[in-house]
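The structure appears below as structure tokens.
What follows draws every value from the coordinates through simple rules; no lab data is involved. Because the structure is a prediction, the values reported are computed rather than measured. All Cβ positions, even for glycine, are placed from backbone atoms using ideal geometry, and neighbour counts span all protein chains on display.
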Amino acid sequence: MRVVLENIGPIEKADISAGDLTVLVGPQATGKSIFLQLFKFCVDHANIVRELKKLGFDWNNELESFLPVYFGEGMQAIWNSQSRIELNGRKFQIETHVKRSGKADSEAKVFYIPAQRVLIISAGWPLPFNSFDPTYPFVVKDFSEKIRQIMGSRLGSGATPIFPRDGYFKKEIRDALQKSIIREGILKLDIGLRKRIMLEIAGVSMPIMTWSAGQREFAPLLLGLFWLLPSAKVSRKQGVNWVIVEEPEAGLHPLAIRDVFLTIVELLSRNYKVLLSTHSSGIIELVWAINEIVSHPEASTDKKRRLLLDLFELKTTPNTNKLIKDLENKKLVVSYFKPTETGVVTEDISSLDPGSDKKSVSEWGGLVEFTSKTNEIVAQLWR
């Protein structure tokens with residue numbers, strides 16, 4: 001799918017053809033979230049309009065009034081008379097789509113895990129859609145509502161731990177996440193006067209505000225992945241084709257980031273197409289390594305697969321062999337949201353070639369620019 005945005009918020013022109021995994025990089029406030037939210041609207045507009053109207057929202061069929069409902073209060077300023085969206089070579093008439101009622105049978109094809117996910121849990125429980133004030137974008141409220149539903153149904157009995165939990169993720173991925181993030185604890189549901197998610201360590205139950213920052217960020221991400229991976233025996237959520245994850249690295253140690261990336265690999269193995277935004281050089285390093293290994297012209301297939309397993313510190317099992325085999329056939333794209341004097345433009349930097357003459361490619365969209373500069377400064381001590 002190719003999406004082109006022009007003159008929207010800070011974006012002068014964003015032109016991105018999505019791969020199986022598409023990674024967006026760039027400084028803060030360059031329009032990555034705007035792009036991702038508009039991507040979802042382009043695909044799911046009928047479902048979004050229907051859900052908002054069902055919940056009592058009204059924008060008088062006017063785009064200017066719809067934008068703060070969808071993006072959050074004050075965001076109507078991102079659109080002007082020169083703004084334009086193109087989807088697969090055809091103009092996307094957003095003004096027309098916000099006027100429609102939304103088909104009754106329209107289901108969401110994009111599942112969105114927002115950067116603000118840590119804010120959805122209050123007193124240990126996900127908030128309902130209408131409890132958020134107007135400053136929150138639709139994607140945050142919708143995500144929270146979906147997590148609230150899964151907690152009230154599939155995960156809400158309290159009979160077994162929320163994590164680790166058999167049937168969700170391949171065992172090798174569960175073990176990796178347990179080791180690097182949850183450590184010796186388990187996530188469980190405390191059923192007292194009010195249900196709440198707790199972290200139990202050595203028999204002591206701890207409320208969410210006592211967890212590490214990384215654990216607090218990881219919990220709603222984990223629950224979102226549970227929604228996408230209803231069972232190890234089911235390939236994927238019916239009807240959902242795309243997954244968007246903003247900043248999966250939030251609050252996490254580099255080794256934990258690598259293990260969270262394994263969950264993305266499982267999504268790809270289940271034939272989801274994934275879009276990520278990130279400020280983590282670790283994630284880009286993994287993408288670079290995967291592309292380098294898979295595309296090497298001389299290495300044997302067995303050697304490539306062994307190196308990919310080593311990259312994630314995985315042992316050879318039927319589960320991990322399938323993950324790696326599926327990964328070999330995926331197209332990985334990296335797009336840089338590049339600030340210029342006239343606005344932000346996108347540049348395909350998928351090669352991530354450290355030896356490239358193009359600074360945006362060799363410095364991975366600025367993610368290793370600071371490291372390169374500090375190395376150069378320190379090196380001057382020895383000259």
**Request:** Mind jotting down the distance between the C-alpha centroids of segment 353-383 and segment 278-338, whole Å?
**Result:** 24 Å
**Prompt:** Arranged by the count of other C-beta atoms within 10 angstrom, fewest first, what order do TYR168, TYR112 take?
**Reply:** TYR168, TYR112
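So what is Rg over Rh here for segment 222-293, counting just Cα atoms and using Kirkwood for Rh? Display every interim value, and only then the final one.
On the way: Rg = 12.5 Å, Rh = 12.9 Å.
Result: Rg/Rh = 0.97.
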**Message:** Straight-line reach from LYS54: which aspartates and glutamates fall under 18 Å, measuring Cα to Cα and dropping same-chain residues less than 8 apart?
**Reply:** ASP44, GLU62, ASP105, GLU107, ASP133, ASP142, GLU145
**Prompt:** Once you sort the root eigenvalues of the Cα gyration tensor of segment 18-149 as a ≥ b ≥ c, which label holds: rounded (a/c under 1.5), prolate (a/b larger than b/c) or oblate (the other case)?
**Reply:** rounded
**Request:** Choose one of ASN130, HIS45, ILE150: the residue whose Cα lies farthest towards the positive end of the charge dipole of segment 1-150 (beta-carbon charges +1 Lys, Arg; -1 Asp, Glu; about the Cα centre).
**Result:** ILE150
**Message:** Please rank ARG270, ARG383, ARG50, fewest neighbouring Cβ atoms within 10 Å first, as an exposure proxy.
**Reply:** ARG383, ARG270, ARG50
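Quick check on the chain: helices-only [θ] at 222 nm, where DSSP H runs of length 4 and up contribute -39,500 (n - 2.57) each and the sum goes over total residues. Nearest 500, please. Before the final figure, lay out each step's value.
Working: 12 runs with 141 residues, N = 383.
Roughly -11500 deg cm²/dmol at 222 nm, from the helical runs in the chain.
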**Complete:** Between (i) 21; (ii) 32; (iii) 16, the structure-derived percent of Cα pairs over 38 Å apart is (i)
**Request:** Compute the relative contact order of the chain as a whole-number percentage, counting only Cα pairs closer than 8 Å that sit 6 or more residues apart in sequence.
**Result:** 22 percent
**Message:** How big is the dipole moment of the chain about its Cα centre under a simple scheme where the beta carbon of each Lys and Arg is +1, that of each Asp and Glu is -1, and everything else is neutral? Debye, nearest 20, please.
**Reply:** 1340 debye
**Asked** With the Cα gyration tensor of segment 248-362 giving a ≥ b ≥ c as the square roots of its eigenvalues, does the rule (a/c under 1.5 for rounded; else a/b larger than b/c for prolate; else oblate) give rounded, prolate or oblate?
**Response** prolate
